[in-house]
1. Evaluate the charge dipole of the chain about its Cα centre and quote only its size in Debye, nearest 20, assuming +1 on the Cβ of each Lys and Arg and -1 on the Cβ of each Asp and Glu.
2. Can you compute the charge dipole magnitude of the stretch 117-204 about its Cα centre, using +1 on each Lys and Arg Cβ and -1 on each Asp and Glu Cβ, nothing else charged? Give it in debye, rounded to the nearest 20.
3. Wrap a convex hull around the Cα atoms of the stretch 101-193, take a quarter of its surface area, and give that in square nanometres.
4. To the nearest 10 degrees, how steep is helix 207-218 against the longest Cα principal axis of the chain, on a 0 to 90 scale?
5. With no solvent and one point per C-alpha, what does the Debye sum give as log10 I(q)/I(0) for the chain at q = 0.07, 0.08, 0.09 Å⁻¹?
6. Assuming a viscosity of 1.002 mPa s and a temperature of 20 °C, what translational diffusion coefficient in µm² per second does Stokes-Einstein assign to the stretch 173-284, Rh being the Kirkwood radius over Cα pairs?
7. With contacts defined as alpha carbon pairs under 8 Å and 6 or more residues apart, what's the relative contact order of the stretch 68-190 in percent?
8. What are the principal axis extents of the Cα atoms in the stretch 191-245, in Å, biggest first?
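Since every read-out is calculated from the coordinates, none of them should be taken as a lab result. Owing to the predicted nature of the structure, the values given are computational and were not obtained by experimental measurement. Note that we place each Cβ from the backbone using ideal geometry, even for glycine, and neighbour counts take in every protein chain shown.
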Amino acid sequence: MQAHERKRRSLGFLWYYYSVRKVKEGEIAMKATVFCEHGGVDKLTYTDMEKPKITPYEVLVKVKACALNHLDIWVRQGLPGIEIPMPHISGSDIAGEISEVGIEVKNFRPGDKVIIAPGVRCRKCVSCITNNDSMCNSFKIMGFQVQGGYAEYAKAHVDNIIPVSQKLSFEEWAAVPLVFITAWHMLITRGQLRPGEQVLIHAAGSGIGSAAIQIARLAGARVIATARGKEKLEKAKQLGADEVVDYSKENYAERVKVLTNNKGVDLIFEHIGPDTWEKNLQCLTKGGRMVVCGATSGPQATMELRFLFMKQHAIIGCYMGSKKELLDVLNLVESGRLKPVIDSIFSLKEAAAAQQKMLNRENFGKIILKI
């Protein structure tokens, strides 16, 4: 183990035990699920932590629900070259009620029902001003570089606080932010999906897959979705997929050729990684685009470069999205044109079991922690 990693773990444990001591002294009153070092789900611990203290421009939210994302798993396992605060509180999708507001916060008050926008931006650079938040040099994500929502309380700058209505439950609102903003950024902003185009969406049962199907359908595209098992395929059709392919039973690349009369799809929604990478390029029409936001099956992929340039394909990297895009999505959710898809609800104490369910790919839609 490298020296800096040993030091970081040591500091994490020291911070943890310091927090526990303060809890015993009566200075803290918050439960959270945290990890003090990278590893498996067994590293997650339900424990007492210090309640966050807010600055004049911050808001303290009493968390009612927090959705899981694959990002939670990647951060727990450890990402090379990226340091995170330890002990770490995961959770990017937070819905709850305002508990406290800083003295400079004027537009919110305790009791307001809100969500926390997961993208933390500087609000001053050209990227932020032009609604390209994730291009900001100081861009961070709640539950990743910033402490998240696997806790009874979470704090954020007032810029990240968004009011929501009573139309949906806390659990439903928590199922919206990260996956819908990312899917919107991939398909609409970066992918430039147009009416009449054909799009291939992988892992329809995932939170982001279930969001992408709805957005692509709303954009007027013909949607081909992959999933495993009859139940997930049926649910994908109910969400708006025109065609479904069970990737565990048939070669989806060959099936896509049949479904498109050998033309191929115009756009691929890719978040799997090496398991799908090479077959994806076989599915693209000439001049087709592949938008990429994840690497669930691993970080390394190989490809035939000559095939890439001869077909004039475009591979487009995507990283979450902007607050403006999130507000657009929330308006569509509010009007009922997009809907959050919830698979199951766990307690905060059961966060490890919830993450294991995601790892086992047993979910269709979002897994939620109710707090």
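1. For the chain, the charge dipole is close to 280 debye.
2. Numbers: 8 positive and 6 negative charges, 69 e Å.
Dipole of the stretch 117-204, to the nearest 20 debye: 340 debye.
3. Numbers: hull surface 29.4 nm².
Directional mean of the projected Cα hull area for the stretch 101-193 stands at 7.4 nm².
4. The helix 207-218 is inclined about 50 degrees to the chain.
5. Calculated log10 I(q)/I(0) at the listed q: -0.31, -0.41, -0.51.
6. On the way: Rh = 13.7 Å.
It comes out at roughly 156 µm²/s.
7. Working: 168 pairs, mean separation 36.6, N = 123.
Relative contact order here is 30 percent.
8. Computed over the stretch 191-245, the largest-to-smallest principal extents equal 30, 18, 14 Å.
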